């Protein structure tokens, strides 16, 4: 009883901040999403409608942006996982003296401002950027490759930005796999590859899921990088919401899209935590 | 037929020798314990046999085959860990089937051999459970079944009972011994617990600081310790400091405290040298009343009752204090603090050795 009361007191400051500055404003947006927007005049007084939500599922353009956002989230998550697992494995199982330097290297990009990092990718990926110029001058291509303002550019940029999150989650998970259990598999006749696929990989599954959820949710809600590498026309949900609010001043549509995005994120987290419970219950 | 042979086996990390060059042979079907305090190198030896640590020097032979450079999965050994090391994501059945599947056993043969192995450790009914649903003792029995199922050439135990509580540990000792005798499987058992090693083994190898001290039957280890270390590590010793008074043959007498003379069967120092004297508690005979001729007179300073035994701290002449014990059902079980007692000390249980030879 005492312990739980102290727990509540310890939680209270954060809970109050979250309630006052996050949950309350979000809830204040909820009614707006059911209002009608009159161009040039703002909210139509006294009109309540489901039109804003209906449009998200019926409008072809909105649907395209939603699928694009989900696809981007999926691909960036997979790319981070495939690039991150070997690196995380090296950090977790490699020589002790490499661990801290390698982790610092992984974290280092996060010390740079997001805008700066995205600009870096523009310098590399633009039509007259470093990559295209090099390939042109080497004679490998005859016209510049389109590396920006499409899903390629967004994938490269977002994978780079969210890779550290994935790696840090995976390092923790791989370090949690007991060495004795792997040794037991080896003495029972498993080759190194089989030890990895039959023991290390399944036992690090909770970390894989946690890292994937994190990267997926961050990717589908990313704003700055998609804006810079996608330009004004190649939109994902976050940039679309930004434009609805700030450019078109269509608050009802923006609010409805925000709730749709939130719903998607919550659905992914819920689904994955159910999966984790089923797998990690055994770990 | 030798089941396991070490030839000059050694391991060093940089300048530090963990295991000094060690040679011994273990016969087929023998139960051998590696006994020593923590840090003596016994677990390193076990892991070198299993292929989990690469030796710096020497060779390991299983039967006639040199396995020194083979990876662990090619050695055909069974290893049971202190931490159990079960696969948490697999059922008990699949844990035991793991090694069999690696040897391409399948179908009815597989399920029959898994069931047989589980029956050996009396866990037939638990195949569908997950390790987390079992108690510590049950988990360790699954680990034993898992190691036994593929019929390994040698079974290795790394302090397998240390995580169990005392009562369960005693039961498991007997169960393990019975299992090993029934199957006739060559077994190497690593432990820091002398009662485990003495009660289960055919032969015991006592280790200290990476060096083999003695490799002999439990009786020989207990009655005729080969080195000062073994004498002070085995049994429940009183450790005192004194000087060598006289020498004759292997023994002589030692002087304790301010002048108490005591005959000792084993002395490895010359006359006049400062020595540590080890006297086994269980070798001190204790009687109430005045001293018999040839016995030592003392008074009881403290009494501690611990079930089957009663321990006394006895004050002797020359400011010497000894711990002695008596059966709690015997005549010497009710001696009051301050009462006079006589002690009969068997010289064969008194060892005198150079001070640095005694383990901390």
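The values are calculated or read from the model by the stated rules, or taken from the named source; none is laboratory data. Please read these numbers as outputs of a predicted model, since none were measured by experiment. All Cβ positions, even for glycine, are placed from backbone atoms using ideal geometry, and neighbour counts span all protein chains on display.
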Discussion item. Looking at residue B:68 and the list (1) more than 10 Å from chain A (Cβ to nearest Cβ); (2) in contact (Cβ under 8 Å) with a residue 24 or more places away in the chain, which single condition is not satisfied?
Written reply: (2)
Discussion item. Go through segment A:201-233 and report how many residues are free of Cβ contacts under 8 Å to residues at least 40 places away in the same chain and either part of a helix (DSSP H, G or I) or in contact with a helix residue (DSSP H, G or I) (Cβ under 8 Å, 6 or more places away or on another chain) (or both).
Written reply: 5
Fill in: Condition met for residue A:187 (in contact with a strand residue (DSSP E or B) (Cβ under 7 Å, 6 or more places away or on another chain) and more than 19 Å from residue A:66 (Cβ to Cβ))
yes
Worksheet item: What pairs can you find where one residue is in segment A:72-88 and on the phi < 0 side of the Ramachandran plot, the other is surrounded by fewer than 20 Cβ atoms within 10 Å (Cβ to Cβ) and part of a helix (DSSP H, G or I), and their Cβ atoms are less than 7 Å apart, with a gap of 6+ or different chains?
Response: A:72/A:151; A:72/A:155; A:75/A:155; A:76/A:155; A:79/A:155
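Can you tell me which of B:132, B:146 is assigned to a helix (DSSP H, G or I), at the interface with another protein chain (Cβ under 8 Å from one of its Cβ atoms) and in contact (Cβ under 8 Å) with a residue 60 or more places away in the chain?
Exactly one residue qualifies, and that residue is B:146.
In segment B:293-311, which residues are assigned to a loop (DSSP other than H, G, I, E, B) and surrounded by 12 or more Cβ atoms within 10 Å (Cβ to Cβ)?
Start the filter on segment B:293-311 by keeping residues that are assigned to a loop (DSSP other than H, G, I, E, B), which leaves B:293-295, B:307-308.
Listed by number, the list holds a single entry, B:295.
Kindly indicate which of A:97, A:63 is surrounded by 13 or more Cβ atoms within 10 Å (Cβ to Cβ) and free of Cβ contacts under 8 Å to residues at least 24 places away in the same chain. Spell out how you get there, then give the answer.
Values: A:97 fails: surrounded by 13 or more Cβ atoms within 10 Å (Cβ to Cβ).
None of the others qualify; the one that does is A:63.
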Fill in: Subset of segment B:1-12 (residues that are modelled with pLDDT of 90 or more and more than 13 Å from residue B:59 (Cα to Cα))
B:3, B:12
Item to complete: Check whether at least one residue in segment A:234-241 is outside any helix (DSSP H, G or I) and surrounded by fewer than 20 Cβ atoms within 10 Å (Cβ to Cβ), and report yes or no.
Response: yes
Item to complete: Scan segment B:21-46 for residues that are surrounded by fewer than 17 Cβ atoms within 10 Å (Cβ to Cβ), part of a loop (DSSP other than H, G, I, E, B) and over 12 Å from the mean Cα position of the chain (by Cα) and jot them down.
Response: B:28, B:29, B:39
Worksheet item: Across segment B:162-191, what is the total count of residues that are outside any helix (DSSP H, G or I) and surrounded by fewer than 16 Cβ atoms within 10 Å (Cβ to Cβ)?
Response: 3
Worksheet entry | Considering residues of segment B:229-272 that are within 26 Å of residue B:209 (Cα to Cα) and exposed (fewer than 15 other Cβ atoms within 10 Å of the Cβ) only, the residue modelled with the lowest pLDDT | B:250
Item to complete: Kindly establish whether residue A:184 is within 14 Å of chain B (Cβ to nearest Cβ) and at pLDDT 95 or above.
Response: yes
